[in-house]
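J.: I have a structure I would like to understand better, so I am pasting it below and will then ask my questions one at a time.
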Amino acid sequence: MRPGKTKHELKRIICINLALIFVVVGPGCAGILKTSKKTAGGTFTFPKNFIWGAGTSSHQVEGNNTNNDWWQWEQSLPLNMRSGRSCDEWNRFEDDFKLAQNLGLTALRFSIEWSRVEPSPGQFDAKSLERYREMILSLRSKGIEPIITLEHFTIPLWLAKRGGWLAEESPELFKEFARKTAEELGGDVHYWITINEPATYMYKSYMLGTWPPGEKSTNDAFKVIQNLAKAHVLAYGEIKEVYAKRAWKAPMVGVAQQVVIFAPCSPFSLWDRISAGLRDKMINHLLIDALIRGKAAIPGVFSIKLPKARTLDFIGLNYYTREHVHARGFLLADILGAECISANPHTKWNSLGWEIYPEGLYEIIKAFSRYKLPILISENGICTDDDAERSVFIAAHLKAVARAMDEGAHVIGYLYWSLLDNYEWAEGFAPRFGLVGVDYATEERTVRGSAKKYGEIIKCGKLDY
Ligand code: IFM
């Protein structure tokens with residue numbers, strides 16, 4: 001016991017812990033420890049309309065997004081950690097889309113930069129919208145489906161000054177941006193991702209404080225996730241309404257949820273299992289539960305209530321890795337635990353030190369199939385300096401998708417992250433995720449061997465798993 005703890009606080013901690021034991025090891029949580037059932041394997045033919053694609057996001061590739069909170073944040077970082085011109089995608093999209101076409105991609109996910117489209121509150125910039133329209137039409141002319149993200153970690157400076165996602169008005173402001181963008185660009189777009197990885201944003205920007213605005217407050221973090229969820233609900237309604245009014249074919253609207261396989265450091269430790277289970281609930285499922293049911297809660301810890309239920313037409317899953325966790329104590333942050341490194345000598349890592357665990361994609365798809373909604377693998381990728389590893393990574397993860405689909409999972413597509421090497425936020429330009437390499441000094445592109453292998457899989461359309 002820490003000195004100075006009141007009786008009331010202690011009671012609260014005990015209540016939270018009891019609730020967590022129930023939530024995590026009680027009914028409905030049995031999946032945490034189960035290892036996936038091994039099957040004999042087979043050959044799977046992907047459906048003709050399966051979406052084969054790749055993704056990017058505005059701030060990571062466009063260059064010179066000077067009017068958002070990330071740009072401002074970067075100015076205090078060393079020069080080589082600033083996004084600067086990045087891949088200069090704002091000016092080079094046509095050539096890069098041609099590369100995507102040559103690879104046989106049938107979809108490209110990219111994001112609309114809010115700070116370009118609405119540079120000051122309520123003022124929309126026709127030229128920027130026109131540029132995004134050109135991008136969409138360029139993709140369409142190449143037989144590539146555009147998949148649009150509305151919010152990918154950056155916000156306009158004017159919103160940051162008003163408190164960002166902490167501001168009570170932020171969901172309404174996002175709704176207006178979503179409406180205008182849908183009105184202007186919707187005629188040629190069928191798939192919308194409102195918000196990318198709300199939980200990652202909450203965690204890095206408001207708990208760890210390593211992303212703008214650099215806060216460390218659990219209370220604020222919870223407010224932010226509520227606002228992000230509400231923003232999604234409002235944007236979902238607006239996009240649907242815009243399409244209905246214009247009699248456009250009903251769009252598919254979803255979110256891209258960061259998902260991680262959480263495993264206990266020691267499978268024999270109840271508290272490690274609780275840590276893994278709690279992370280799984282909080283990071284993987286809470287938001288999706290809330291968007292489907294209109295509310296969700298972790299008893300004694302956090303609850304979320306939304307104006308409307310059933311605001312997802314598909315679930316986007318961004319899957320990269322597995323993390324092993326162990327509990328450190330009895331306060332929420334301690335129960336959420338700390339990571340330990342896998343002792344398995346065969347474990348492989350990407351260049352950022354994330355474990356590569358392809359079976360996890362199978363496990364995640366199976367776990368999210370319980371929501372009975374179409375699943376889009378909206379991100380999956382590896383940063384590495386050894387492109388051969390990328391080829392192996394892609395094939396292994398697609399096999400996991402094939403296996404889940406063969407068992408009946410409804411997966412509509414797979415988007416490799418990323419089409420291009422790009423600005424990896426606080427990690428700068430060092431991590432190389434791209435199917436296409438970028439020389440940042442010259443902006444020269446190099447189509448990697450792994451991209452061609454991915455193209456071959458797409459062409460063949462089937463996989464042994
Ligand atoms: O680059 C990021 C992306 O912006 C969001 N998902 C994870 C990727 C790799 O870290």
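J.: How about region 204-222: which of its residues are touching a residue at least 12 places away in the same chain (Cβ under 8 Å) and more than 27 Å from LEU77 (Cβ to Cβ)?
T.: Residue satisfying the conditions is PHE222 alone.
J.: So, one more: Tell me whether region 45-57 contains one or more residues that are at pLDDT below 95 and either within 27 Å of the chain's Cα centre (by Cα) or under 30 Å from ARG131 (Cβ atoms) (or both).
T.: Looking through region 45-57, none of the residues is at pLDDT below 95 and either within 27 Å of the chain's Cα centre (by Cα) or under 30 Å from ARG131 (Cβ atoms) (or both).
J.: Anything in region 419-449 that is polar (S, T, N, Q) and away from the ligand (no atom under 16 Å from the Cβ)? List them, or say none.
T.: Passing the criteria: THR442, THR446.
J.: Run down SER378, SER391 and say which single residue is within 16 Å of the ligand (Cβ to nearest atom), of a type in the set (Gly, Ala, Ser) and modelled with pLDDT of 95 or more.
T.: Sole residue among the options that is within 16 Å of the ligand (Cβ to nearest atom), of a type in the set (Gly, Ala, Ser) and modelled with pLDDT of 95 or more: SER378.
J.: Take LEU312 and decide whether it is closer than 24 Å to TYR414 by Cα, assigned to a loop (DSSP other than H, G, I, E, B) and of a type outside the set (Val, Ile, Thr).
T.: yes
J.: Exactly one of (1) within 30 Å of GLU363 (Cβ to Cβ); (2) open to solvent by 10 Å² or more (accessible area, probe 1.4 Å); (3) under 19 Å from the mean Cα position of the chain (by Cα); (4) at pLDDT 95 or above is unmet by GLY209. Its number?
T.: Going through (1) within 30 Å of GLU363 (Cβ to Cβ); (2) open to solvent by 10 Å² or more (accessible area, probe 1.4 Å); (3) under 19 Å from the mean Cα position of the chain (by Cα); (4) at pLDDT 95 or above one by one, GLY209 breaks only (1).
J.: Within region 282-291, identify whether any single residue is open to solvent by 40 Å² or more (accessible area, probe 1.4 Å) and within 16 Å of the ligand (Cβ to nearest atom), and answer yes or no.
T.: Looking for residues that are open to solvent by 40 Å² or more (accessible area, probe 1.4 Å) and within 16 Å of the ligand (Cβ to nearest atom), one finds at least one in region 282-291, hence yes.
J.: Under the condition of being closer than 24 Å to HIS285 by Cβ and away from the ligand (no atom under 16 Å from the Cβ), which residue from region 241-260 is least open to solvent (accessible area, probe 1.4 Å)?
T.: Residue satisfying both the conditions and the ranking: VAL253.
J.: Let me ask something else about it. Taking only region 394-418 into account, find how many residues are within 16 Å of the ligand (Cβ to nearest atom) and part of a strand (DSSP E or B).
T.: Summing the residues that are within 16 Å of the ligand (Cβ to nearest atom) and part of a strand (DSSP E or B) in region 394-418 gives 4.
J.: Go through region 320-336 and give me each residue that's open to solvent by less than 20 Å² (accessible area, probe 1.4 Å) and more than 22 Å from the chain's Cα centre (by Cα).
T.: Across region 320-336, the qualifying residues are GLY329, ILE335.
J.: Is region 129-147 home to any residue that is under 25 Å from GLU424 (Cα atoms), open to solvent by less than 10 Å² (accessible area, probe 1.4 Å) and among the acidic types (Asp, Glu)?
T.: no
J.: Select from region 70-88 the residues that are open to solvent by less than 10 Å² (accessible area, probe 1.4 Å) and either in contact (Cβ under 8 Å) with a residue 24 or more places away in the chain or among the hydroxyl-bearing types (Ser, Thr, Tyr) (or both) and list them in ascending order.
T.: Once the filter is applied, which keeps residues that are open to solvent by less than 10 Å² (accessible area, probe 1.4 Å) and either in contact (Cβ under 8 Å) with a residue 24 or more places away in the chain or among the hydroxyl-bearing types (Ser, Thr, Tyr) (or both), region 70-88 yields TRP70, SER83, SER86, CYS87.
J.: Sticking with this structure for a sec: Looking only at region 401-431, which residues are open to solvent by 10 Å² or more (accessible area, probe 1.4 Å), touching a strand residue (DSSP E or B) at 6+ places or on another chain (Cβ under 9 Å) and of a type in the set (Gly, Ala, Ser)?
T.: Listed by number, the list holds a single entry, ALA409.
The values are calculated or read from the model by the stated rules, or taken from the named source; none is laboratory data. Small disclaimer: the values here were computed from a predicted structure and weren't measured. Neighbour counts run over all protein chains shown; Cβ positions are idealised from the backbone, glycine included. Surface accessibility is based on the protein's heavy atoms, side chains included, excluding ligands, DNA and RNA. Shrake-Rupley method; radii C 1.70, N 1.55, O 1.52, S 1.80 Å.
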